[in-house]
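For reference, the structure discussed in these notes is given below.
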Amino acid sequence: MVDARTDEQFMRMALREASKGVGHTSPNPAVGAVIVQGGKLIARGFHRCAGLPHAEIEALNQTRHARGATLYVTLEPCSTHSRTPPCVEAIIAAGIARVVIGAIDPNPAHAGRAVQLLKKAGIAVTAGVLGEACAALNRSFNKWIVSGLPVVIAIMSSAMVISGLASTKLYEASRRLAVGRVAQLEFASQIFGALCMVAWALIDRSIWALVAGGIATYSMRTLLSHLWLPGTPNRWQWDRPSFGEIMRVGRWIFASSIMGFLVNNGDRLLLGGLLDARLVGVYAIAYLIFSSIEQVWSSIISEVVYPAMSEIARERADQTIRSFQRLYIFVASGIYLSAGALMIAGETVVRLLYDARYADAGSMLQLLAVALIAVPQRAALYYLLAHGQAAVFSAVLAVRLLTSLVALPVGFYLFGLPGALGGLVLSHFAPVPVIVYFSARSGLFDLRRELAALPMIGIGMTAGMLINWGLECLR
């Protein structure tokens, strides 16, 4: 049995090895490793620069007597393919009996994965030995990984610039309800982006494959909007009346865009400062599933309900409320069904898609699913927008933003992570009274219509129970 003092002694040796690579390994971290057999140092190594063998491989290459030995490494070994094969596979193949790790990988997507794989292979693992010293060695790297990869974000932002150059024919098509043509354009762009991403990944298995796929998607979308869609071609021209109209209505749209960004991303900005890297990664999984469902229904509202209401308001103004009510029942029923199912089957969905490291995301997803119940009210919001009440849109986003900025940190302070998630859910419901007020003023609000779709929540919950039962039977 090796005592803690001995582990710290050999980890200090590994730290000295790691220090040799500081300043030379970017964009990789500096890592050191030593191999000990029978209490004696038999090999050492450090990562020299990106593309060369990692510290563990350097050390393993120096000895033929690694079987049954103990490996000390300052950072959790890599477990995925990149420029070099995963070190975990080499450690297992070499017959190492015990691995002592200084710091866990700061990347939420990889944290703890190597530990899990090593234990599964029957190797004893001890983590956290001189953890603070090992983490401090790569403080800038850890910040780069955990804060969201600034270089990637900077380059990925060019996709938004490219998207901004799309032809207004794209929006004319949506306004004319040419949904099929727009859907074909979006589908072709997504396929092109996916092919580019896969092609890049075959050459370089890194995050840049995702970046390339995103930029390719937006580039193709912009190109097709100019060349393939019918409508009025864009040209540079100064038009004073159009400028005045844009400033009159557009100032609210501009304000809404800024607040919309903060609303959609404020939770991660706040939670990133309140939670550790592991919990942020787990929350990201829960939010990804929740937001995928939310965005599907939000897209239906913004790309179907809104254009339809705009067209009816222009052509058949006397039928707008009746048409809206028919659309609303359909949209609200689908959303309530989704909410009920996720509120019950959230944990099962996460278990099905992810390994045990992300199990906590299940309960988070079930709580976030409650917020979907507030989404149908956005249909009324877009009805008001179609009738020129853009200021209401900004007011609703302002209420939601202020609520999240207050409720999320207060909830975290009082009840921890569940309280923060409760605050986030509350921010979705906070604007509902505002929407109901303006809907009532416009003669749009109908309590019977609102209540008619609510039973779908119960049906969704029943469906969630059936999903849980069905997957449990298959296990």
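The values are calculated or read from the model by the stated rules, or taken from the named source; none is laboratory data. A quick note: this is a predicted structure, and the numbers were derived from the prediction, not measured. All Cβ positions, glycine included, derive from the backbone under ideal geometry; neighbour counts span all protein chains shown. For accessibility, only protein heavy atoms count, side chains too; no ligands or nucleic acids. Shrake-Rupley method; radii C 1.70, N 1.55, O 1.52, S 1.80 Å.
Just to check your reading of the model, which residue among 17, 8, 58 is within 18 Å of residue 131 (Cα to Cα) and in contact with a helix residue (DSSP H, G or I) (Cβ under 9 Å, 6 or more places away or on another chain)?
After applying the criteria, what remains is 17.
Report, by residue number, each residue of the stretch 12-52 that is touching a strand residue (DSSP E or B) at 6+ places or on another chain (Cβ under 8 Å) and open to solvent by 40 Å² or more (accessible area, probe 1.4 Å).
Of everything in the stretch 12-52, those that are touching a strand residue (DSSP E or B) at 6+ places or on another chain (Cβ under 8 Å) and open to solvent by 40 Å² or more (accessible area, probe 1.4 Å) turn out to be 13, 16, 19, 20, 37, 41, 42, 44.
Does residue 372 count as in contact with a Pro (Cβ under 8 Å, 6 or more places away or on another chain) and either open to solvent by 40 Å² or more (accessible area, probe 1.4 Å) or under 28 Å from residue 274 (Cβ atoms) (or both)?
So residue 372 fails the test.
In the stretch 1-11, which residue that is in contact with a strand residue (DSSP E or B) (Cβ under 8 Å, 6 or more places away or on another chain) and outside any loop (DSSP other than H, G, I, E, B) is surrounded by the most Cβ atoms within 10 Å (Cβ to Cβ)?
Selected residue: 11.
Of the residues 407, 398, 379, 391, only one is of a type in the set (A, V, I, L, M), modelled with pLDDT under 90, within 26 Å of residue 268 (Cβ to Cβ) and assigned to a helix (DSSP H, G or I); which?
Criteria check complete, one pass: 398.
How many residues does the stretch 89-111 hold that are in contact with a strand residue (DSSP E or B) (Cβ under 9 Å, 6 or more places away or on another chain), at pLDDT 90 or above and either over 12 Å from residue 125 (Cβ atoms) or open to solvent by less than 20 Å² (accessible area, probe 1.4 Å) (or both)?
Going through the stretch 89-111 one residue at a time, the tally reaches 7.
Given the criteria of a type outside the set (Gly, Ala, Ser) and over 30 Å from residue 203 (Cβ atoms), does residue 67 qualify?
yes
Against the condition open to solvent by less than 40 Å² (accessible area, probe 1.4 Å), part of a helix (DSSP H, G or I), farther than 30 Å from residue 113 by Cα and modelled with pLDDT of 80 or more, how does residue 256 come out, does it pass?
Taking the combined requirement at face value, the residue does not satisfy it.
Out of all the residues in the stretch 433-455, which are open to solvent by 50 Å² or more (accessible area, probe 1.4 Å), within 34 Å of the chain's Cα centre (by Cα) and of a type in the set (A, V, I, L, M)?
Listed by number, the residues that qualify are 451, 452, 454.
Under the condition of being under 26 Å from the mean Cα position of the chain (by Cα) and open to solvent by 50 Å² or more (accessible area, probe 1.4 Å), which residue from the stretch 301-339 is modelled with the highest pLDDT?
Only one residue tops the list, namely 337.
Mind listing whichever residues of the stretch 435-449 are under 18 Å from residue 399 (Cα atoms) and in contact (Cβ under 8 Å) with a residue 24 or more places away in the chain?
435, 436, 438, 439
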